[in-house]
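Asker: The structure is given below, and queries will be raised subsequently.
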Amino acid sequence: MHRHQPLKTMCTLKQQLSTFLLILCLAVVSTSGFGPQNWNRKIRSSPIRDEIQIRGNTLLHALPSKKKKLKTFQRYLEIECWKQSNIRDLEPVLQAVAESCKQINRIIQRAQTDDLFGAATDKDGAQLEENVQGEVQQTLDVLCNKFMLRAFCGSGNCIQMVVSEEEDEAKSCADVMADSAFAVGDYIAAFDPIDGSKNIDSSLPLGSIFAIYKKQPGSKVDTSTFYQDGTGMVAAGYCLFSASTVLVLTMGAGVDGFTLDPDSGRFLHTLNDIRIPRKGSIYSFNEANYRDFEEPVQRYLDSVKQGSSTARYIGALVADVHNILINGGLYGYPGTRKNPDGKLRLLYECAPMAMIMEQAGGAGSTGTGRVLALKATEIHQRTPVFLGSVENVFELDQFYSYYGDENKDE
Ligand code: F6P
């Protein structure tokens, strides 16, 4: 025992020394920028931060929340409808429309997992007939139409009649709700529940568009109530289902945008008083139709390519127009030789988009006149349309004035 004493003391000394060295190392490491805390800080500011965050690295769960303090859509509506007494009774219906956008958003997101793709069928599994536009209705079209019909007709008793892209005829809200109590209200509404449905199967952006028109005082409410120009519109909007879900709305006093917050499930006021740039470099046309476009449009497209422009075309009106609204430029769906009136519908596509553009400081033209001055004569009427920055729309109009049919020699 006694003989081993020095050895034991040496061992203890060795242990103490190594403990001391370990503590020293830790101290050096923690102050030298290699310690866990600093490593964390380095990751935060390094370009690989997002990659690590996506992989769920626990270090990054501690990141401070960056949520901004934003007004909810509901609060915005309360304030705006209070300010504009002439549209005060629209508050519940606009609130319901925002809710239906959320429902449509969920349906779109679940389409792949819940087998909601493809052509709609009846309860016996037979494919539905083509709609009045000659298009095969998709399952999503039918579902989203139901949400929108209910939103417009079932809230606030202010909409008396509706036109939908998915319905052949105008419908009274009393029929939609199967209750005559809904046959009241000072407004009529037109909407496209799912715009750009060709994008459904490939998970590309989609949208919903709507317009609310004031009915003429004392007039009988039937299909002809929709035969008015766009100046009778009191509100217009769209919902974009894309990288984020954005609701854009005008009630005749500017344009505002709201992003759906995935955490709270509420639309938050992210785009305050949207103003489109006076001029932009984006042009958004389906140029595959170039050969069939009218001469003014061909000449216009030839000319923009001489400058510093860039082309963007998603193939969903809402997505393309939103891009132009935010960045400036020109969206166009012109007439073609085969379809001189183009493809897009006046009441629930072109007119609401034109109102939004005008309210944001831009313009909407048919090439030969203001979109909002065009009076509907059919509910599913089509019109050529050009929407965007004032200078771009003006330039396009100049090509129509110069190369348009009316200026051609007989
Ligand atoms: O509603 C018609 C629509 O789907 C629009 O959303 C879109 O802008 C357009 O058709 C695309 O048409 P095309 O495929 O002919 O370019």
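The values are calculated or read from the model by the stated rules, or taken from the named source; none is laboratory data. Keep in mind the model is a prediction, meaning the values are calculated, not measured. Note: ideal-geometry Cβ built from the backbone for every residue, glycine included; neighbour counts use all protein chains shown. Just the protein is used for accessible areas: all its heavy atoms, side chains included, with ligands, DNA and RNA removed. Shrake-Rupley method; radii C 1.70, N 1.55, O 1.52, S 1.80 Å.
Asker: From Val248, Val176, Val184, grab the single residue that is at negative phi and either touching a His at 6+ places or on another chain (Cβ under 8 Å) or at pLDDT 95 or above (or both). First the steps, then the outcome.
Answerer: Numbers: Val176 fails: either touching a His at 6+ places or on another chain (Cβ under 8 Å) or at pLDDT 95 or above (or both); Val184 fails: either touching a His at 6+ places or on another chain (Cβ under 8 Å) or at pLDDT 95 or above (or both).
Only one candidate qualifies: Val248.
Asker: Considering only the range 182-224, state which residues are outside any strand (DSSP E or B) and aliphatic (A, V, I, L, M). Walk me through how you get there before you give the answer.
Answerer: From the range 182-224, those outside any strand (DSSP E or B) are 182-186, 196-205, 215-224; that's our starting set.
Passing the criteria: Ala183, Val184, Ile200, Leu204, Val221.
Asker: Taking the condition among the hydrophobic types (A, V, I, L, M, F, W, C) and either surrounded by fewer than 17 Cβ atoms within 10 Å (Cβ to Cβ) or within 16 Å of the ligand (Cβ to nearest atom) (or both), does Ile194 pass? First the steps, then the outcome.
Answerer: Details: among the hydrophobic types (A, V, I, L, M, F, W, C): yes; either surrounded by fewer than 17 Cβ atoms within 10 Å (Cβ to Cβ) or within 16 Å of the ligand (Cβ to nearest atom) (or both): yes.
Answer is yes for this residue.
Asker: Being more than 12 Å from the ligand (Cβ to nearest atom) and of a type outside the set (D, E, K, R) is the filter here, so list the residues in the range 327-345 that pass it. If you could, list the steps in order and put the result at the bottom.
Answerer: As a first pass, look at the range 327-345 and keep what is more than 12 Å from the ligand (Cβ to nearest atom): 327-330, 335, 337, 340-341.
Passing the criteria: Asn327, Gly328, Gly329, Leu330, Gly335, Pro340.
Asker: Here is a further query. Report yes if Tyr403 is of a type outside the set (S, T, N, Q), open to solvent by 20 Å² or more (accessible area, probe 1.4 Å) and away from the ligand (no atom under 13 Å from the Cβ), otherwise no.
Answerer: Criteria met by Tyr403.
Asker: If you don't mind, there's one more thing I want to ask. Look through Asp175, Asp229, Asp186, Asp256 and report the one residue that is acidic (Asp, Glu) and under 21 Å from the mean Cα position of the chain (by Cα).
Answerer: Working: Asp175 fails: under 21 Å from the mean Cα position of the chain (by Cα); Asp229 fails: under 21 Å from the mean Cα position of the chain (by Cα); Asp186 fails: under 21 Å from the mean Cα position of the chain (by Cα).
The match here is Asp256.
Asker: Any idea which of (1) more than 9 Å from the ligand (Cβ to nearest atom); (2) under 15 Å from the mean Cα position of the chain (by Cα) is the one Ile314 doesn't satisfy?
Answerer: The one condition Ile314 does not meet is (1).
Asker: Given the conditions (1) open to solvent by 10 Å² or more (accessible area, probe 1.4 Å); (2) over 23 Å from Ser164 (Cβ atoms); (3) within 16 Å of the ligand (Cβ to nearest atom); (4) β-branched (Val, Ile, Thr), which single one is not true for Ile324?
Answerer: (1)
Asker: Return the residue satisfying two criteria in turn: it lies in the range 154-165 and is part of a strand (DSSP E or B) and touching a residue at least 60 places away in the same chain (Cβ under 8 Å), and of such residues it is surrounded by the fewest Cβ atoms within 10 Å (Cβ to Cβ).
Answerer: Quick first cut of the range 154-165, residues part of a strand (DSSP E or B) only: 159-164.
Next, from what is left, pick out any that are touching a residue at least 60 places away in the same chain (Cβ under 8 Å): 159-161, 163-164.
Values: Ile159: 27, Gln160: 20, Met161: 26, Val163: 24, Ser164: 27.
Checking each candidate, the answer is Gln160.
Asker: Of all residues being farther than 20 Å from Leu325 by Cβ and open to solvent by less than 20 Å² (accessible area, probe 1.4 Å) in the range 274-299, which is farthest from the ligand (Cβ to nearest atom)? Just the residue, please.
Answerer: So in the range 274-299, the residues farther than 20 Å from Leu325 by Cβ come out as 287-299.
Going one step further and asking which of them are open to solvent by less than 20 Å² (accessible area, probe 1.4 Å), we end up with 293, 296-297.
On the way: Phe293: 12, Pro296: 19, Val297: 14 Å.
Among residues in the range 274-299 that are farther than 20 Å from Leu325 by Cβ and open to solvent by less than 20 Å² (accessible area, probe 1.4 Å), the one farthest from the ligand (Cβ to nearest atom) is Pro296.
Asker: Taking the condition of being open to solvent by less than 20 Å² (accessible area, probe 1.4 Å) and either hydrophobic (A, V, I, L, M, F, W, C) or outside any strand (DSSP E or B) (or both), how many residues in the range 236-267 meet it?
Answerer: So the first thing to find is which residues in the range 236-267 are open to solvent by less than 20 Å² (accessible area, probe 1.4 Å), and the list is 236-241, 245-251, 254-258, 261, 267.
Those still in the list that are either hydrophobic (A, V, I, L, M, F, W, C) or outside any strand (DSSP E or B) (or both) too: 236, 239-241, 246-249, 251, 254-255, 258, 267.
Within the range 236-267, residues that are open to solvent by less than 20 Å² (accessible area, probe 1.4 Å) and either hydrophobic (A, V, I, L, M, F, W, C) or outside any strand (DSSP E or B) (or both) number 13.
Asker: Can you tell me how many residues in the range 300-311 are in a helix (DSSP H, G or I) and either under 26 Å from Val248 (Cβ atoms) or within 12 Å of the ligand (Cβ to nearest atom) (or both)? If you could, list the steps in order and put the result at the bottom.
Answerer: Kept after step one, since they are in a helix (DSSP H, G or I), are these residues of the range 300-311: 300-304.
Retained after the next criterion (residues that are either under 26 Å from Val248 (Cβ atoms) or within 12 Å of the ligand (Cβ to nearest atom) (or both)): 304.
Number of matching residues: 1.
Asker: Are any residues in the range 197-213 surrounded by fewer than 24 Cβ atoms within 10 Å (Cβ to Cβ) and either farther than 22 Å from Lys343 by Cβ or in contact (Cβ under 8 Å) with a residue 12 or more places away in the chain (or both), and if so, which ones?
Answerer: Step one: list which residues in the range 197-213 are surrounded by fewer than 24 Cβ atoms within 10 Å (Cβ to Cβ), which gives 197-205.
Selection gives Ser197, Lys198, Asn199, Ile200, Asp201, Ser203, Leu204, Pro205.
Asker: Among the residues of the range 166-176, are any in contact (Cβ under 8 Å) with a residue 24 or more places away in the chain, open to solvent by less than 20 Å² (accessible area, probe 1.4 Å), within 16 Å of the ligand (Cβ to nearest atom) and in a strand (DSSP E or B)?
Answerer: no
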